[in-house]
Amino acid sequence: MSMGGIIGSGWLYAVDKGAYLAGPGAILSWIIGGIIVLFIALNYAEISGAIPRSGAIVRYPHLSHGGYTGFILGWTYLLSAVTVPTIEAEAVIGYAAVYIPSLSTST
């Protein structure tokens, strides 16, 4: 589920919209975003090596910032786990509509 949230279909749609809105500056924004995500991943790698426990997305914020932060992130993750599959299904239909025109809702 987490990998699907990271490497989902959103980045494919975002490239089109970003290029339309920002033009060539969209490439710079992707590089900056990639660097930010790299720092987040390195932090999780460091913490998971130091505190090897299950439930990292809730447990680590709970240990570092308190119970309320862990609670909020836990519910946020649950909300994303419920909504991401439906968004991915819609994206698959959008991609497949190129090859199967009857899937498209536009007239």
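The values are calculated or read from the model by the stated rules, or taken from the named source; none is laboratory data. Predicted model, so just to flag it, every value in this text is computed and none were measured. Counting neighbours? That spans all protein chains shown, and the Cβs are built from the backbone with ideal geometry, glycine included.
At-a-glance table
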{"read-out": "Failed criterion for His62 (all others in (1) of a type outside the set (Ser, Thr, Tyr); (2) within 18 Å of the chain's Cα centre (by Cα); (3) farther than 25 Å from Trp11 by Cβ hold)", "value": "(2)"}
{"read-out": "Check on Ser29, of a type outside the set (Asp, Glu) and not in a helix (DSSP H, G or I)", "value": "no"}
{"read-out": "Those residues of the range 80-107 which are in a helix (DSSP H, G or I) and not aliphatic (A, V, I, L, M), in sequence order", "value": "Ser80, Thr83, Pro85, Thr86, Glu88, Glu90, Gly94, Tyr95, Pro101, Ser102"}
{"read-out": "Thr69, sole failed condition from (1) touching a helix residue (DSSP H, G or I) at 6+ places or on another chain (Cβ under 6 Å); (2) among the polar types (S, T, N, Q); (3) within 30 Å of Gly18 (Cβ to Cβ)", "value": "(3)"}
{"read-out": "Options Ala41, Ala97, Ala81: the member that is under 16 Å from the mean Cα position of the chain (by Cα) and either in contact (Cβ under 8 Å) with a residue 24 or more places away in the chain or surrounded by 14 or more Cβ atoms within 10 Å (Cβ to Cβ) (or both)", "value": "Ala81"}
{"read-out": "Search result, residues across the range 45-65 that are within 19 Å of Ala81 (Cα to Cα) and assigned to a helix (DSSP H, G or I)", "value": "Ala56, Ile57, Val58, Arg59, Tyr60, Pro61"}
{"read-out": "Residues (under 22 Å from Ser80 (Cβ atoms) and either exposed (fewer than 11 other Cβ atoms within 10 Å of the Cβ) or modelled with pLDDT of 85 or more (or both)) located in the range 7-28", "value": "Ile7, Lys17"}
